[in-house]
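The values are calculated or read from the model by the stated rules, or taken from the named source; none is laboratory data. Source: prediction; values computed, not measured. Positions of Cβ are generated from backbone atoms using ideal geometry, with glycine treated the same way; all protein chains shown enter the neighbour counts.
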């Protein structure tokens, strides 16, 4: 990914330099008689920047919602673009195969970043909102495998396997927090909860029977161990 980012950065610098040189030449009269320019009319097909070899390396265009800047590689394929959209501007970058691998865009109350794999499939993203944000991750089959979300009064972490089955997570709110571990079929393995006046920890066996637990309350606590059938083997106090 860094290779394409470096190429995009270099091309952006080249385009900026060419545009700056052109405007400087216009304003200082290097094209002949001194000329004062207060605007440049972009034609319908766009304003292109050409390399000494005759290849398009950059282009400025005008659209319904504003303008756009496009950056090309040595094969004249688009590798980066900045566009004006209905909600603002967005930025996209493409790999050598012409597939979009990253995109940044505004949304109604924030912004989002989207990441794609080499075939253009969605694999992850981040979003910022008025009252929080989120990160999400997907595998190549498009199945959700993990995510982090921040909410107004807490947050959550989810971890799924490659079949999309929940195997672990964490929840936090103004009233406490919890951590849970699960096996592939959604059965409990272990869990921890913390609340206002105490907390609890429990372990389950493959039959989802509790085999051990600790509970702490405001004025007391207890500890217990069970066999695989749920029969108490030892407890305290």
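Results, tabulated for the structure shown:
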| read-out | value |
| --- | --- |
| Among the residues listed as 127, 132, 146, the single one being within 19 Å of the chain's Cα centre (by Cα), surrounded by 15 or more Cβ atoms within 10 Å (Cβ to Cβ), more than 30 Å from residue 203 (Cα to Cα) and modelled with pLDDT of 90 or more | 127 |
| The range 83-105: number of residues that are within 20 Å of residue 64 (Cβ to Cβ), over 14 Å from the mean Cα position of the chain (by Cα) and surrounded by fewer than 16 Cβ atoms within 10 Å (Cβ to Cβ) | 4 |
| Which numbered condition residue 117 fails, given (1) in contact with a strand residue (DSSP E or B) (Cβ under 9 Å, 6 or more places away or on another chain); (2) exposed (fewer than 15 other Cβ atoms within 10 Å of the Cβ); (3) more than 16 Å from residue 81 (Cα to Cα) | (2) |
| Selection within the range 54-72 - assigned to a strand (DSSP E or B), over 22 Å from residue 99 (Cα atoms) and over 27 Å from the mean Cα position of the chain (by Cα) | 62, 63 |
| Any hit, the range 178-191, residues being within 30 Å of the chain's Cα centre (by Cα) and at positive phi | yes |
| Selection from the range 137-157 of residues that are assigned to a strand (DSSP E or B) and more than 18 Å from residue 109 (Cα to Cα) | 137, 138, 144, 145, 146, 147, 148, 154, 155, 156, 157 |
| Residues satisfying the stated conditions in the range 76-94, i.e. in a loop (DSSP other than H, G, I, E, B) and modelled with pLDDT of 90 or more | 76, 77 |
